[in-house]
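So the structure is just underneath, and the comments pick up after that.
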Amino acid sequence: MEKLILREEEFKGIAAIVEAKSGIHLTNQKRNLVFNRLRPRLRSLQLERFSDYLRLIREQPEELALALNLITTNVTRFFREEHHFRFLEEQVLPAVAPRGDIWRAWSAGCSTGEEAYSLAITCREGLDPKVRWRILATDINTHVLSVAQNGIYPRDAVAHLPRALISEYFDIDGETAKVKESLKKNIWFRYLNLIDPYLPLRSPLDVVFCRNVFIYFTRETQRDVLKTFHRLLKVGGHLFLGHAESIPADWQREQGWVHLEQGVYQKVEGKVSH
Ligand SMILES: C[S@@+](CC[C@H](N)C(=O)[O-])C[C@H]1O[C@@H](n2cnc3c(N)ncnc32)[C@H](O)[C@@H]1O
């Protein structure tokens, strides 16, 4: 078999189709990453050239979905950026009225589910038990979604949580920690591509967590997705972004966001330009 190489033109072709389909912008520095992540797939298909693989992903949507599963970065953990969950528990949840509408949160780009389960634990701990609540958790990567849905993690993944939370929300079995059904029942895991123009979401939402997803998008895509979040959130609803992500001041004014603390924004009535 010939030595496999990812030529510049092939990389550009793959990057273009990945960006068009997912919004993920692959700079030239990502060429090695793309090579390393796709190489095993080419080997198993017995392809000798990336140009052949490029043709395949152009022609076969299933293969493109698989390539996206390989290319997305899915690093996450329970209670990542813990201050966001503290903010929710202390500043947001106490004000939710028990007899109001269903309280809805969305974990957008949920990866393997740890963020959605952390949100659910925070709701169970911080909401009045009479409040009805739901969490929608979505991702473009079908593989991570099935992990999320199963809710089975290495025991180490929960080792940093307080013991009381572990025993309340997980069944520990040998080296695995399994999320209890009582926690899973309020969470819906679904495939959803954030750049699709039509998002089948029931609004209005109370909270959106979209953390460590924007870093992969171009500014233009970030701006469009922010407009979608603004449209779907209630006035007064909260948006949480990752530690390296923010909404520029001019977009805050233009779309109607107020910055509350690191990564936390609130929707205010505002002029949203389309
Ligand atoms: C680094 S993970 C972040 C996980 C979690 N939000 C956190 O902060 O721990 C980024 C996730 O965004 C997802 N993603 C990337 N582009 C997406 C898109 N266009 N639509 C939906 N999800 C996307 C990836 O599949 C990946 O699981």
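None of the figures in this text is laboratory data; all of them are computed from the coordinates on show. On a predicted model such as this, the values are computed, not experimentally measured, just so you know. Note that we place each Cβ from the backbone using ideal geometry, even for glycine, and neighbour counts take in every protein chain shown.
Tabulated values for the structure
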| item | result |
| --- | --- |
| Sparse-neighbour loop sites [trypsin sites (Lys or Arg not before Pro); the range 94-133; at most 10 other C-beta within 10 Å; DSSP] | ARG99, LYS130 |
| Fraction of beta bridges assigned by DSSP in the range 78-188 that are antiparallel (%, nearest 5) | 45 percent |
| Per-selection Kirkwood Rh - the chain (Cα, Å, 1 d.p.) | 20.1 Å |
| Gap separating the Cα centres of the range 13-79 and the range 170-243, nearest whole Å | 23 Å |
| Filtered trypsin sites (Lys or Arg not before Pro), the range 143-246: DSSP coil and at most 15 other beta carbons within 10 Å | LYS180, LYS185, ARG202 |
| Residue among SER44, SER167, SER22 with the largest mean-square fluctuation in a Gaussian network model of the chain, springs linking Cα atoms under 10 Å | SER44 |
| Whole-angstrom Cα spans of the range 8-71 along principal axes, big to small | 27, 23, 19 |
| Listed residue pairs exceeding 31 Å between alpha carbons, taken from LYS185/LYS234; LYS21/LYS130; LYS184/LYS267; LYS30/LYS184; LYS3/LYS178 | LYS21/LYS130; LYS30/LYS184; LYS3/LYS178 |
| 10 Å Cβ shell holding at most 16 others, DSSP loop, GluC sites (Glu not before Pro): longest site-free stretch of the chain | 49-174 |
| Calculated on alpha-carbon atoms, Rg and Dmax of the range 162-274 in Å | 17.1, 54 |
